[in-house]
Amino acid sequence: MSQDSDTAIKTICKHYGNDAGRMMDIVLAVQEKFGCVSSAAMDMIARAVGTKRVEVESVVSFYAFLSTEQKGKVVIRLCHDVIDCMRGCDRVAEAFREELGIDVGDTTPDGLITLEYAPCIGMCDQAPAALVNETVVTHLSSDAAREIVRKLRQRLAPHQLVEHLGDGNNAHPLVQSMVVNNIRKAGPVVLAELTPGQALAKALAMTPAEVIRDVKTARLREGGRRAALRAVQCRRGGAGHVQGSGDPDRVSGRGVRGDDDLRLRGRRRHGHPVSAR
Ligand code: FES
């Protein structure tokens, strides 16, 4: 790493008080300056803030938006999750590939654009969708993909790809996004008139049998379903006995006796409704 880079990284670390607790700010600033957080940069950051290299690397390797390798100035992250696949994202990917002359995962030779696949970006109802740096583009087609590349090559900034604004706060001057909210009807969860603590008060007023009935009939999947089964187990075990396996930080947990000083962590949430403590 050059002397200039060395100085720049030290300056960034100093700006954040050489504080290892500001690691996210530091690595983001380094990535913004250099386009990535290289292995050498991680060593340097660790030295500057007086921590171990693994502390830096654990942050950089955890977040998909941080990279140890140089990417293009613009990164197109095309959602390739199931909904987008059903809505034709492969055709969009093909158009991006053809127009850019690169494959997914590559960067154009001029260093301008990187094309990547991404898991769900939360735009399932407006798929196929992509992030162009931080700009969301929705309802993509092959033509739209080609047009995006043409505009980026004309050096338009990603936010200039937004030609029409979505509804609600998407049109706010500080947001300026093409996303539409697609919330059509107020219900008990979305857009409901609720006062803080209302749901909790309702849950606490329910009997254990009512809680079990609700979790059984809620059509829960995955974690929710497991939580429901655990609740039923709790009930069968009687007050003060929760049995299960595995991870103490999650809902599943340790066998627990009725001793007051034994604490359930995540599982406590589910133990309470069925009288476990
Ligand atoms: S599955 Fe593609 S945005 Fe959600």
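The values are calculated or read from the model by the stated rules, or taken from the named source; none is laboratory data. All of these numbers come straight from a predicted model, not from anything done at the bench. Cβ coordinates were reconstructed from backbone atoms using ideal geometry, including for glycine residues, and neighbour counts include every protein chain displayed. Heads up: the accessible areas ignore ligands, DNA and RNA and are worked out on the full protein's heavy atoms, side chains in. Shrake-Rupley method; radii C 1.70, N 1.55, O 1.52, S 1.80 Å.
With a requirement of 2 or more residues that are over 23 Å from the mean Cα position of the chain (by Cα), the helices (runs of 4 or more DSSP H) lying completely within the stretch 39-135 that satisfy it span 39-49, 89-100.
Between 11, 51, the distinction of being open to solvent by 70 Å² or more (accessible area, probe 1.4 Å), of a type in the set (S, T, N, Q) and modelled with pLDDT of 95 or more belongs to 11 only. Before we move on, is residue 148 in contact (Cβ under 8 Å) with a residue 24 or more places away in the chain, part of a helix (DSSP H, G or I) and within 29 Å of residue 108 (Cβ to Cβ)? The answer is yes for residue 148.
Within the option set 140, 161, 152, being open to solvent by less than 50 Å² (accessible area, probe 1.4 Å) and under 13 Å from residue 72 (Cβ atoms) holds for one residue only, 152. Reported count of residues in the stretch 78-90, each being more than 6 Å from the ligand (Cβ to nearest atom) and among the charged types (D, E, K, R), is 2. Looking at the structure I just gave you, is residue 131 aliphatic (A, V, I, L, M), away from the ligand (no atom under 16 Å from the Cβ), touching a residue at least 12 places away in the same chain (Cβ under 8 Å) and out of contact with any helix residue (DSSP H, G or I) (no Cβ under 6 Å at 6 or more places or on another chain)? Considered against the rule, which asks whether it is aliphatic (A, V, I, L, M), away from the ligand (no atom under 16 Å from the Cβ), touching a residue at least 12 places away in the same chain (Cβ under 8 Å) and out of contact with any helix residue (DSSP H, G or I) (no Cβ under 6 Å at 6 or more places or on another chain), residue 131 comes out as no. Applying the selection to the stretch 94-117, what residues are crowded, with 18+ Cβ neighbours inside 10 Å and either within 9 Å of the ligand (Cβ to nearest atom) or under 23 Å from residue 179 (Cβ atoms) (or both)? Those that are crowded, with 18+ Cβ neighbours inside 10 Å and either within 9 Å of the ligand (Cβ to nearest atom) or under 23 Å from residue 179 (Cβ atoms) (or both): 95, 96, 113, 114, 115, 116.
Residue-by-condition table, conditions (1) outside the structural domain of residue 126 (by TED's automatic domain parsing); (2) outside any loop (DSSP other than H, G, I, E, B); (3) without any contact (Cβ under 8 Å) to a residue 40 or more places away in the chain:
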position: 166; (1), (2), (3): no, no, yes
position: 176; (1), (2), (3): yes, no, yes
position: 179; (1), (2), (3): yes, no, no
position: 186; (1), (2), (3): yes, no, yes
position: 189; (1), (2), (3): yes, no, yes
position: 193; (1), (2), (3): yes, no, yes
position: 211; (1), (2), (3): yes, yes, no
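Restricting 75, 49, 54 to residues that are away from the ligand (no atom under 16 Å from the Cβ) and under 17 Å from residue 113 (Cα atoms) narrows the list to 75.
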